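Below is one structure; the comments refer to it alone.
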Amino acid sequence: MSPPAHQPNASNHALWALMMGNVVIGTGVMMVPGALNDISESLDISIPQAGQLITAAAILMGLGAPLFAGIVAGWDRRKLLTISLAWYGVMTAISALAPNYAALLPLRVLTVISPAIFTPQAAASVGLMVGPEQRGRAITFVFLGWSVASVMGTPLSAWIAGAFGWRWMFALVAVAAWVVAAWIWRVMPSGIRPAALTRRAWGQTLGSPALMLTLSVTLVYSFGQFTLFSYFAPYLHETLGATSGTIALLFLWFGAFGLMGNMVLSRTVDRMGAPRAVLITLALIAVSLLLWPLGRYGFWPQALIATPWALGCFASNSAQQARLVHQSPVLAPATVALNTSAMYGGQAMGAALGGLMIAQGQMLRLHEVGLGLMLLAMALSMAAARFQNRSYPSR
């Protein structure tokens, strides 16, 4: 795992810091699904009610990403990304002290202002820190942070929540956020300000059928994944009688292959082309969802069936980010923000639908909905590629 070569040393250090920022952001976002059982028991609420923490946070992140992109357009990205992570630490620390669910829910919504800013703005900053020929690899490198979070952060969070309680998990994420905020302030170059997007630029983005069709792919595959992924912990507890240690181990397995998939993608995306990479990653997820019921026979069948999904899970979004930047580098601040919005919007929809299905006793059918949506996302991705080729044949 390495950033693009032949860049100034300061840029390499900044890429590493931004990648670690995504590790912290990703861990903080994904720790709730891993600790859903403990949060439910600790606060004496149902699993679907605990799942609303995911839905509410995802709605804020989805709506906030494009909104904040306009608000912070003129900010120096070194200052912006540092403040964003510092805020993440403060609000996560306060959330760890929440006395009940009524207090935790709004605190969680305020906390995720940071992911709505950090992830898309880090990606947009990378576009100004490396040359065009290495932009795809640099962006996917920074997004490796989400895969690392799934390898280390999510399993560790699930284990800590089971062993010591979810409050300790929140506290550790808060400390990590402050440490990485200081690192980014130290190594990030000053003066990085992606051009502020005018109303005309937003109009060009929202009025582009090719870009909107590409963004719809992110919305649909995120919807499909999080219908089931949001409820991994209670699902595994019901089907396999999994303990917190077993759940943490499966998250570790999933994350390790997620990291592997993203690493392979970062080295091949510029060669194979982002549209093809997106289609491959979505097909991998669809294979796992098709075979998902076979995982009920034991831990290892479940782990093996989850492997293709893991390989495609985080790589799919990295490929989408690179795809959008290549489609229109000038509009990248808007399209990356909207892609983040689509991703979180899909998460909100998936968590909400999954919670509704669980409340109706349909937990064992979550994968069916996910599979249907994944096949739809693949069809949309192929349509977007054909539309892009017809609209811009020289690209």
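The values are calculated or read from the model by the stated rules, or taken from the named source; none is laboratory data. If you're wondering where the values come from, they're calculated on a predicted model, not measured in any experiment. As a convention, Cβ positions derive from the backbone with ideal geometry for all residues, glycine included, and neighbour counts pool all protein chains shown. Note: accessible area is taken over every heavy atom of the protein model, side chains too, but ligands, DNA and RNA are not part of it. Shrake-Rupley method; radii C 1.70, N 1.55, O 1.52, S 1.80 Å.
General remarks:
- Test: residue in region 319-328 that is open to solvent by less than 20 Å² (accessible area, probe 1.4 Å), in a helix (DSSP H, G or I) and either basic (Lys, Arg) or farther than 26 Å from residue 121 by Cβ (or both): yes
- Test: residue in region 354-371 that is in a helix (DSSP H, G or I), over 24 Å from residue 253 (Cα atoms), touching a residue at least 12 places away in the same chain (Cβ under 8 Å) and under 18 Å from the mean Cα position of the chain (by Cα): no
- Residues in region 268-293 that are within 19 Å of residue 231 (Cβ to Cβ) and either surrounded by fewer than 21 Cβ atoms within 10 Å (Cβ to Cβ) or without any contact (Cβ under 8 Å) to a residue 60 or more places away in the chain (or both): 288, 290, 291, 293.
- Residues that are surrounded by fewer than 22 Cβ atoms within 10 Å (Cβ to Cβ) and outside any helix (DSSP H, G or I) occur in region 243-261; there is at least one.
- Residue-level analysis places residue 296 outside the set of residues that are over 15 Å from residue 367 (Cβ atoms), open to solvent by 30 Å² or more (accessible area, probe 1.4 Å) and basic (Lys, Arg).
- Subset tally (residues that are crowded, with 22+ Cβ neighbours inside 10 Å, modelled with pLDDT of 95 or more and small (Gly, Ala, Ser)) for region 85-133: 2
- Looking only at region 15-33, and only at residues there that are more than 13 Å from the chain's Cα centre (by Cα) and open to solvent by 10 Å² or more (accessible area, probe 1.4 Å), the one that is farthest from residue 99 (Cα to Cα): 16
- Members of region 207-238 that are over 20 Å from the mean Cα position of the chain (by Cα) and without any contact (Cβ under 8 Å) to a residue 12 or more places away in the chain: 207
- Single residue of region 162-190 satisfying the filter (outside any helix (DSSP H, G or I) and open to solvent by 50 Å² or more (accessible area, probe 1.4 Å)) that is nearest to residue 110 (Cα to Cα): 164
- Filter result for residue 383 (over 25 Å from residue 234 (Cβ atoms), modelled with pLDDT of 95 or more and not in a loop (DSSP other than H, G, I, E, B)): no
- Pairs are defined by a Cβ separation below 7 Å, a sequence spacing of at least 6 or placement on different chains, a first member in region 168-196 that is polar (S, T, N, Q), and a second member that is surrounded by fewer than 18 Cβ atoms within 10 Å (Cβ to Cβ); the pairs so defined are 190/76.
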